[in-house]
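A.B. asks: Take this structure, written in structure tokens, and hold onto it; I'll ask about it next.
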Amino acid sequence: MARIDRRTLILSGAALLAAPHVARAQTTTIKMGALKLIHSIAPHFYERFAPAGTKIEIIPFESPTDCKNGVVTKSVDFGVFGIAAGILGAAAKEPLTIIASCCNKGMAVIAKKDSPIASIKDLKGKRVAIWPGSTQEVFILERLRMEGMTVKDIESVRVSFSEMHLALSRGDIDAYVGAEPGPGVSIASGVGKLVEYPYSTPMGSLNMVFGAHPDTLATKPDLVRTILQVHRKASEFGMANPNDVIDTAVAKLGQKREALVISVPNVELNWKMTPEMVQASKTYADHMLALKQIKALPDFATFFNTSFSDELAKA
């Protein structure tokens with residue numbers, strides 16, 4: 001039997017003690033802000049596409065503004081939120097850059113099933129739930145304008161997305177401009193009916209975007225590339241596997257399967273910052289300026305950074 005001297009034992013022990021430390025040092029945790037909505041489902045698929053040594057921690061937010069603020073304050077590394085929240089932040093010169101798209105569609109105008117409301121014009125004089133500062137708010141204000149109306153023609157009621165279906169069920173409101181899966185829940189339960197999907201404006205169906213703090217782009221470009229590769233794979237997986245989207249939303253978000261069957265077709269997960277997406281965003285900002293929701297347009301040269309998306313598209 002070979003003799004093991006004291007020096008060998010000491011070196012071996014030191015190596016064993018060091019090994020766990022090395023393993024921990026190689027793990028990178030990414031804090032990802034996401035909304036509790038079906039069109040914010042892509043981050044819940046990130047773990048299955050994350051490279052070895054990368055851990056994704058999902059931080060849930062109730063509102064788009066809260067998630068945007070999480071990015072601005074660096075409480076999360078990245079976040080997905082409505083384009084309206086992003087423009088509001090950028091117009092106020094907050095440190096925020098959009099580096100990818102996240103989701104189109106995911107919106108609907110819903111009315112009580114037994115009500116006479118069948119079109120946007122029928123909302124006149126009715127109690128309509130709208131979440132201030134949301135993408136949906138800008139869309140409904142534009143749809144009202146297209147019908148020769150303004151927000152003064154309706155009774156706007158401040159209600160969060162998660163409470164809109166319940167408010168409709170109780171009769172507190174006559175209609176709402178909601179985010180999926182709320183509309184799916186209302187339709188599936190027989191409480192509500194679809195008035196329209198508000199995608200006929202010049203803003204198209206633009207909804208959610210992917211944002212980061214400018215410091216992150218400057219100091220951690222490889223991390224940005226990593227998360228966008230994961231985001232692309234997760235978004236493409238979700239679009240190709242709607243049943244997995246439904247299963248994940250049931251498990252992670254506690255949402256009802258029968259409602260999701262209606263909601264999922266009204267959700268378009270994506271990632272690429274196309275010229276069309278950028279132009280729709282600028283049109284969106286123009287509308288917000290006209291509506292006096294912002295005092296000035298964002299500096300799009302700093303608010304948008306398409307380089308990472310363009311690089312990924314070529315890969």
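The values are calculated or read from the model by the stated rules, or taken from the named source; none is laboratory data. Bear in mind that the values here come from a model prediction, so they are computed numbers and not experimental data. Cβ coordinates were reconstructed from backbone atoms using ideal geometry, including for glycine residues, and neighbour counts include every protein chain displayed. SASA here: full protein model, heavy atoms, side chains in, ligands and nucleic acids out. Shrake-Rupley method; radii C 1.70, N 1.55, O 1.52, S 1.80 Å.
A.B. asks: Would you pick out the residues in the stretch 102-131 that are among the small types (Gly, Ala, Ser), at pLDDT 95 or above and under 22 Å from residue 35 (Cα atoms)?
C.D. replies: 108, 129
A.B. asks: Report, ordered by the first and then the second residue, all pairs with beta carbons closer than 6 Å, sequence separation of six or more or different chains, a first member in the stretch 190-203 that is closer than 18 Å to residue 166 by Cβ, and a second member that is open to solvent by 40 Å² or more (accessible area, probe 1.4 Å) and at pLDDT 95 or above.
C.D. replies: From residues that are closer than 18 Å to residue 166 by Cβ, the pairs are 191/169; 192/113; 193/113.
A.B. asks: Any residue in the stretch 251-258 that is assigned to a loop (DSSP other than H, G, I, E, B), in contact with a Cys (Cβ under 8 Å, 6 or more places away or on another chain) and surrounded by 14 or more Cβ atoms within 10 Å (Cβ to Cβ)?
C.D. replies: no
A.B. asks: Still on this structure, I have one more. For the stretch 162-199, what are the residues that are among the hydrophobic types (A, V, I, L, M, F, W, C), open to solvent by less than 10 Å² (accessible area, probe 1.4 Å) and within 14 Å of residue 119 (Cα to Cα)?
C.D. replies: 175, 177
A.B. asks: Also, I was wondering about something else. For the stretch 23-41, name all the residues that are assigned to a helix (DSSP H, G or I) and surrounded by fewer than 21 Cβ atoms within 10 Å (Cβ to Cβ).
C.D. replies: 23, 24, 25
A.B. asks: How about the stretch 227-258: which of its residues are more than 19 Å from the chain's Cα centre (by Cα) and in contact (Cβ under 8 Å) with a residue 60 or more places away in the chain?
C.D. replies: 256, 258
A.B. asks: Does the stretch 42-68 hold any residues that are at pLDDT 95 or above and buried (at least 20 other Cβ atoms within 10 Å of the Cβ), and which are they?
C.D. replies: 42, 43, 44, 45, 46, 56, 67, 68
A.B. asks: Also, quick follow-up: Limited to the stretch 97-127, what total is found for residues that are in contact (Cβ under 8 Å) with a residue 40 or more places away in the chain and over 15 Å from the mean Cα position of the chain (by Cα)?
C.D. replies: 15
A.B. asks: Out of the stretch 297-315, which residues are under 19 Å from the mean Cα position of the chain (by Cα) and surrounded by fewer than 20 Cβ atoms within 10 Å (Cβ to Cβ)?
C.D. replies: Residues satisfying the conditions are 305, 306.
A.B. asks: Considering only the stretch 150-158, I want to know if a residue exists there that is open to solvent by less than 20 Å² (accessible area, probe 1.4 Å), modelled with pLDDT under 95 and hydrophobic (A, V, I, L, M, F, W, C).
C.D. replies: Checked against the condition, which is being open to solvent by less than 20 Å² (accessible area, probe 1.4 Å), modelled with pLDDT under 95 and hydrophobic (A, V, I, L, M, F, W, C), the stretch 150-158 yields no hits at all.
A.B. asks: May I pose another question? Do we have residue 224 as among the β-branched types (Val, Ile, Thr), under 18 Å from the mean Cα position of the chain (by Cα) and surrounded by fewer than 19 Cβ atoms within 10 Å (Cβ to Cβ) here?
C.D. replies: In short, no.
A.B. asks: Still on this structure, please answer the following. All but one of (1) open to solvent by 30 Å² or more (accessible area, probe 1.4 Å); (2) among the polar types (S, T, N, Q); (3) modelled with pLDDT under 95 hold for residue 134; state the number of the condition that does not hold.
C.D. replies: (1)
A.B. asks: Output the strands (runs of 3 or more DSSP E) that fall wholly within the stretch 159-232 and possess 2 or more residues being charged (D, E, K, R), or say none.
C.D. replies: Where strands (runs of 3 or more DSSP E) fall fully within the stretch 159-232 and carry at least 2 residues being charged (D, E, K, R), they are 192-196.
A.B. asks: Got a sec? Which helices (runs of 4 or more DSSP H) wholly within the stretch 60-153 have at least 2 residues that are among the polar types (S, T, N, Q)?
C.D. replies: 64-72, 135-146
Residues checked against (1) surrounded by fewer than 18 Cβ atoms within 10 Å (Cβ to Cβ); (2) in contact (Cβ under 8 Å) with a residue 24 or more places away in the chain; (3) assigned to a helix (DSSP H, G or I); (4) touching a strand residue (DSSP E or B) at 6+ places or on another chain (Cβ under 7 Å):
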| residue | (1), (2), (3), (4) |
| --- | --- |
| 263 | no, yes, yes, no |
| 284 | no, yes, yes, yes |
| 292 | yes, no, no, no |
| 295 | yes, yes, no, no |
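A.B. asks: Test residue 90 against the criterion of being open to solvent by 50 Å² or more (accessible area, probe 1.4 Å), small (Gly, Ala, Ser) and touching a residue at least 60 places away in the same chain (Cβ under 8 Å), and give yes or no.
C.D. replies: When the stated conditions are applied, residue 90 does not pass them.
A.B. asks: May I pose another question? Can you tell me which residue in the stretch 27-40 is farthest from the chain's Cα centre (by Cα), limited to those that are closer than 15 Å to residue 210 by Cβ and modelled with pLDDT of 95 or more?
C.D. replies: Out of the qualifying residues, it is 30.
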